[in-house]
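Notes follow once the structure below has been shown.
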Amino acid sequence: MNLEALRRPSLVRRLVILAAGWSLAVLLVSALVLALLFQQAALRRFDQGLAELIDNLLAGATVGDRGEVIAPALTDLRALRAYSGKYWQIGEPAGQGRIRVLVRSRSLWDSELPTPAKVVETMAAQPGKPAPYDIRGPLGEPLRAMASQARLPGRAAPVVFVAAEDRTPVNRDIRNFIAATAIAFILLGVGLVAAVVLQVRVGLRPLFALRREVASVRRGQAERLQRTYPSELLPLADELNALMAHNQEVVERQRTHVGNLAHALKTPLSVIVTEAAQRPGPLSEVVSRQAETMRQQVDHHLRRARAAARSQGSGERTSVADVLDELARTLDRIHRDKGVAIDWDAPDDLWFQGERQDLLEIAGNAMENACKWCKGRVRVRAAASGPTTLRLLIEDDGKGLPPDRRDEVVRRGARLDEDAPGSGLGLSIIDELARAYGGALTLGDTTMGGLAVELTLPRADA
């Protein structure tokens, strides 16, 4: 797909982008919320274990005879192994947001758990309420800690209980959950985008079908839209059918007017020619010659008007091979005395987008011109030249035409030889009819030695 096609507005692309964008945004927000909820649940469960440890310390701690705090004998082996990752300590406020450690677990060895001043202030403001926070352990490992301030019987000063545990396993579980969730949501997102694309394509299928059916009408394969469309497209299909019927009516009316005009003009011209022939003389010759020129000009312009009307019609199609075969047989009989051999070739599935009479006139004039100026051979080749065009090449073995005269002979009334019979409208008729159908006429050289007439015409699908 080229850059221009990407810049062109696309209904499919717009719907896919909007639907896929919203879906992916919802998935992203859902993934973030889910990961946050899992993290909070994991930490809440982790904090419950720390709170239980603090409760055990608070329940088992006693005050000695000299006012010292005696820690309970806990059975957790991790707290007995140095730097095991599970720690606790008991201290008392030392002022200025500091805690002085009174008793510590064996796992701390000679280290202590730092307590931020903000946590100390929170405990002092809300005694008995545990305050969780994150710190670094003796070995630099991440710890989840919890501190709580309480009073022990027999001791006036408050006591601060701190419990901490290595949160590396929890962090690992959170990372694994986020990774698994990301993979699952990415796959889900890809599936949703594919589903959106499929939904848009299936939902717009009637619109694509309408486009194809309109194209078949334009190519002459159908006269009107016949499919049953959804209620949203049915009014459009009805309007298109009405438009095509109106266009066909206009074309038929133009054809009628053209025929009436031809009849109205030809009859007076015939009378003028007849009257002039009955009165021989110089004036009669001038009148006859000019009247004949007028009739040729009328035929030329009426032919052009009919071709323009037909090219805007509903779109008929004509077999190129059938027309070339008919013309070749006719011209063989006409030029039998000259011994012209016409070699033609065209695929059976090649169709001209237009009426048979117009193709007969276009190809017939070109082939008649070649038979007229050839030495004895004429070659005609027709083939598809593009998705919507065909190429018709007529060559002869005559004397050819100099390049500087090729533009001249295409002009209306120009002739290759003033001594030869004819009006000089042959190539002009071909050019006018080809242009009326959106085609073109090109004159060139041929390996046969004569003139090559190349025509580009509209092609209908087989």
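So the values come out like this:
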item: Cβ pairs under 9 Å, 6+ apart, first in segment 162-182 and farther than 30 Å from A59 by Cα, second among the polar types (S, T, N, Q) and open to solvent by 30 Å² or more (accessible area, probe 1.4 Å); result: I174/Q39; F177/Q39; I178/Q39
item: Filtered residue count, segment 342-396, keeping only those that are of a type in the set (G, A, S) and over 19 Å from T446 (Cα atoms); result: 4
item: Every pair of residues 6+ apart whose Cβ atoms lie under 6 Å, when the first sits in segment 13-34 and is within 19 Å of V202 (Cα to Cα) while the second is open to solvent by 70 Å² or more (accessible area, probe 1.4 Å); result: none
item: Filter result for E232 (farther than 30 Å from T318 by Cα and open to solvent by 60 Å² or more (accessible area, probe 1.4 Å)); result: yes
item: Residue match in segment 351-370 (condition: outside any helix (DSSP H, G or I) and modelled with pLDDT of 90 or more); result: yes
item: Yes/no for A25 being surrounded by fewer than 13 Cβ atoms within 10 Å (Cβ to Cβ) and modelled with pLDDT of 90 or more; result: yes
item: Scope segment 371-388; condition at pLDDT below 90 and of a type in the set (V, I, T); matching residues; result: T388
item: Qualifying residue in segment 156-167 (condition: open to solvent by 30 Å² or more (accessible area, probe 1.4 Å) and in a helix (DSSP H, G or I)); result: no
item: Test for I174: is it open to solvent by less than 20 Å² (accessible area, probe 1.4 Å), out of contact with any strand residue (DSSP E or B) (no Cβ under 7 Å at 6 or more places or on another chain) and under 18 Å from Q39 (Cα atoms); result: yes
item: Selection from segment 91-122 of residues that are open to solvent by 20 Å² or more (accessible area, probe 1.4 Å), part of a loop (DSSP other than H, G, I, E, B) and either modelled with pLDDT under 85 or under 13 Å from F161 (Cβ atoms) (or both); result: Q96, G97, T115
item: Qualifying residue in segment 36-51 (condition: within 60 Å of the chain's Cα centre (by Cα) and part of a loop (DSSP other than H, G, I, E, B)); result: no
item: Every pair of residues 6+ apart whose Cβ atoms lie under 6 Å, when the first sits in segment 357-382 and is within 19 Å of D345 (Cβ to Cβ) while the second is of a type in the set (S, T, Y); result: L359/T318
item: One residue from L139, L188 being hydrophobic (A, V, I, L, M, F, W, C), open to solvent by 50 Å² or more (accessible area, probe 1.4 Å) and assigned to a helix (DSSP H, G or I); result: L188
item: So A145, is it closer than 30 Å to D110 by Cβ and open to solvent by less than 30 Å² (accessible area, probe 1.4 Å); result: yes
item: Any hit, segment 69-90, residues being at positive phi, not in a helix (DSSP H, G or I) and not charged (D, E, K, R); result: yes
item: Hits in segment 337-356 - residues which are free of Cβ contacts under 8 Å to residues at least 60 places away in the same chain and among the small types (G, A, S); result: G339, A341, A346
item: Number of the exception - R78 against (1) in contact with a Gly (Cβ under 8 Å, 6 or more places away or on another chain); (2) open to solvent by less than 90 Å² (accessible area, probe 1.4 Å); (3) more than 29 Å from N176 (Cβ to Cβ); (4) free of Cβ contacts under 8 Å to residues at least 60 places away in the same chain; result: (3)
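Listed here are the residues, each with its yes/no results for (1) crowded, with 17+ Cβ neighbours inside 10 Å; (2) farther than 23 Å from R435 by Cα; (3) of a type in the set (V, I, T); (4) modelled with pLDDT under 85.
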position	(1), (2), (3), (4)
T256	no, no, yes, yes
A264	no, yes, no, yes
E285	no, yes, no, yes
R306	yes, no, no, yes
V340	yes, yes, yes, no
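The values are calculated or read from the model by the stated rules, or taken from the named source; none is laboratory data. Computed from a predicted model, the values in this text were never measured in an experiment. Note: ideal-geometry Cβ built from the backbone for every residue, glycine included; neighbour counts use all protein chains shown. Ligands, DNA and RNA are stripped out before the accessible areas are found, and what is left, the full protein with its side chains, is counted by its heavy atoms. Shrake-Rupley method; radii C 1.70, N 1.55, O 1.52, S 1.80 Å.
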